[in-house]
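Here's the structure we're looking at; comments come further down.
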Amino acid sequence: ILGVFLISCNNHVEKKHNILFISIDDLRPTMNSYNYENEKMITPYMDKLASEGVQFNNAFTNIAVCGASRASIMTGIRPSEKRFNDFSTRASVDAPDAIPLNQIFKENGYETISYGKIYHHNDDFSEHWTEKDNGAAQADFQDPESIRLRDNAETGEYGKKNPIVEYPDVDDFAYNDGKITLKAIQKFKEFSKNGKPFFMAIGYVSPHLPFIQPKKYWDMYDHDKIKLAENTYQPLNSPDIAIEAQHNSAELRKNYLGIPAEGLLDNELSKDLIHGYYASVSYMDAMIGKLIEGLEEAGLRENTTIILWSDHGYFLGEHGFWCKHSTFYEAVQIPLIISSPKFDSKEETNSFTELVDIYPTLCELTEITPPNYIQGKSLTPVLKNPKTILKDEIYTRYKQGEAVIDKNYAYTEFIQGNKYLGNMLYDMTNDKKQNIDISNLPESKALVKKYSIKLEEMRNYVNKDLFQNQSN
């Protein structure tokens, strides 16, 4: 009897903590729980998740483009001018000596599952998944008319141009985001029976373009009441490089039907895009609700930390921009929610955080020792006490732009190699929408110097050899 008791105790002690890792493409913090710029989104399931954990109000991507951002979060390494810098980034190419999250969890006895879009390239570090599907289905059209339009369209940057939106009368599981939700729910049932620990990564494509979802989600929003961005202009006094070289909404203009090659979009087209984005967010929210319900019904919620994050933010007409690819606030601020049974906290936090912080956080939650090159900080002190300010500034970049952001200011420098191309400084207390660049004002001289030094220090830090004398 004593022997059976000891075995039972040992099994209890050795039970590993699970991770449900929910990735969302192109989601700015528009859910109701964030009350983002007074946008009234219909997101009951993400709101509920936020109420059950810690919502990070000052969370940011380290680079506003999906391939690079995903490579960064999965390896715990910051992007730089020469590493993780565009959508086509492969983590296994730019950082072949890194130990990605799926590898470190697999080597520590976890089942590692990837459904949907996790890495930008589905075969990136794919040998470290115990199971994966075919990845993203980004233009998963269900409406025959959408398919006809695409098949007869002109060729864009990456193939046939796509319609920007569709909302056929189909069920929730017609699209790939619905299909991966069902797969995950079935997998939860398997784990509830076999007791294996898991790192399950679910990558929702919605609300990435094209904005596709069942009709009932489109019908949730009144088209006539869709509000357009008020600041569709270049920020006053800002350098042209912030508009011309860094961003031209190229992703939208080059790959989707009915989009002018340049200039502002007309109001009706803008409304279609915003309406489609909102509907796509609400569809994705519903899938997350079903996903978490499946986790609970399988009896796994009590031993699973749920982390929900987006790879970057999204423009909906601000400064005349659409999509991401910038260091402006709309592109770099993201939603981040962590709900863990290991902590009682159910609050918001204003501590600044970056996606690079997720790797060490998940390692600490599961008592795994991270590699010594990791460049983020574990967020567990904030999960224990959301009033803790772990960081008071973050660093982000895109192409020539490198930025430091804190609660008072957002400062960007544009540098290519050793060539200085310009800068921007915004007062985030009085000008949250970043409409007036104050970098050239005499009274800003000391601030510009202060933040420029910070960026130089970060530049030197991210460009050093991370893997020299690497040991685990």
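The values are calculated or read from the model by the stated rules, or taken from the named source; none is laboratory data. It should be emphasised that the depicted structure is a prediction, and the values quoted were computed from it without experimental measurement. Every residue, glycine among them, receives a Cβ derived from its backbone with ideal geometry; neighbour counts consider all protein chains shown. Only protein heavy atoms, including side chains, enter the accessible area calculation; ligands, DNA and RNA are left aside. Shrake-Rupley method; radii C 1.70, N 1.55, O 1.52, S 1.80 Å.
Odds and ends about this structure:
- Any hit, the range 89-105, residues being closer than 30 Å to His275 by Cα and either modelled with pLDDT of 95 or more or outside any helix (DSSP H, G or I) (or both): no
- Taken as a whole, the condition of being out of contact with any Pro (no Cβ under 9 Å at 6 or more places or on another chain), among the polar types (S, T, N, Q) and either under 27 Å from Pro210 (Cα atoms) or not in a loop (DSSP other than H, G, I, E, B) (or both) does not apply to Asn85.
- In the range 75-103, the residues that are within 17 Å of Pro371 (Cβ to Cβ) and open to solvent by less than 10 Å² (accessible area, probe 1.4 Å) form Cβ pairs under 8 Å with partners that are basic (Lys, Arg) and at pLDDT 95 or above, at six or more places apart or across chains, as follows: Phe84/Arg78; Ala91/Arg70.
- The range 195-233, residues that are assigned to a helix (DSSP H, G or I) and either touching a residue at least 60 places away in the same chain (Cβ under 8 Å) or surrounded by 22 or more Cβ atoms within 10 Å (Cβ to Cβ) (or both): Tyr217, Trp218
- A residue that is open to solvent by 10 Å² or more (accessible area, probe 1.4 Å), touching a Pro at 6+ places or on another chain (Cβ under 9 Å), at pLDDT 95 or above and under 27 Å from Gly401 (Cβ atoms) occurs nowhere in the range 286-306.
- Residue ranges of strands (runs of 3 or more DSSP E) in the range 391-472 with at least 1 members closer than 30 Å to Pro96 by Cβ and open to solvent by 80 Å² or more (accessible area, probe 1.4 Å): 409-416, 419-427
- Screening Gly320 on (1) at pLDDT 95 or above; (2) more than 22 Å from Ala71 (Cβ to Cβ); (3) touching a Phe, Trp or Tyr at 6+ places or on another chain (Cβ under 9 Å) shows it passes everything except condition (1).
- Pairs, first in a loop (DSSP other than H, G, I, E, B) in the range 137-151, second open to solvent by 40 Å² or more (accessible area, probe 1.4 Å) and modelled with pLDDT of 95 or more, C-beta under 6 Å, six or more apart: Phe141/Ile147; Gln142/Val170
- Pair list, Cβ under 6 Å, 6 or more apart: the range 247-267 residue farther than 18 Å from Ala331 by Cβ, other residue aliphatic (A, V, I, L, M) and open to solvent by less than 40 Å² (accessible area, probe 1.4 Å): Tyr256/Ile164; Leu257/Ala153; Ile259/Leu252
- Residue within the range 104-127 that is surrounded by fewer than 17 Cβ atoms within 10 Å (Cβ to Cβ) and among the β-branched types (Val, Ile, Thr) present: no
- The number of residues in the range 314-363 being within 18 Å of Ala50 (Cβ to Cβ) and part of a loop (DSSP other than H, G, I, E, B) comes to 9.
- Among the residues of the range 50-68, the ones that are farther than 22 Å from Leu390 by Cα and crowded, with 24+ Cβ neighbours inside 10 Å come to 4 in all.
- Annotation note: of Glu251, Glu244, Glu268, the sole residue that is open to solvent by 10 Å² or more (accessible area, probe 1.4 Å), closer than 24 Å to His121 by Cα and among the acidic types (Asp, Glu) is Glu251.
- Contact map, the range 170-188: first residue hydroxyl-bearing (Ser, Thr, Tyr), second residue not in a loop (DSSP other than H, G, I, E, B), Cβ cut-off under 6 Å, separation 6 or more or different chains; pairs are Thr181/Met287; Thr181/Lys290; Thr181/Leu291.
- Candidate set: the range 374-389, residues that are open to solvent by 10 Å² or more (accessible area, probe 1.4 Å) and more than 20 Å from the chain's Cα centre (by Cα); chosen: the one nearest to Glu81 (Cα to Cα): Ile389
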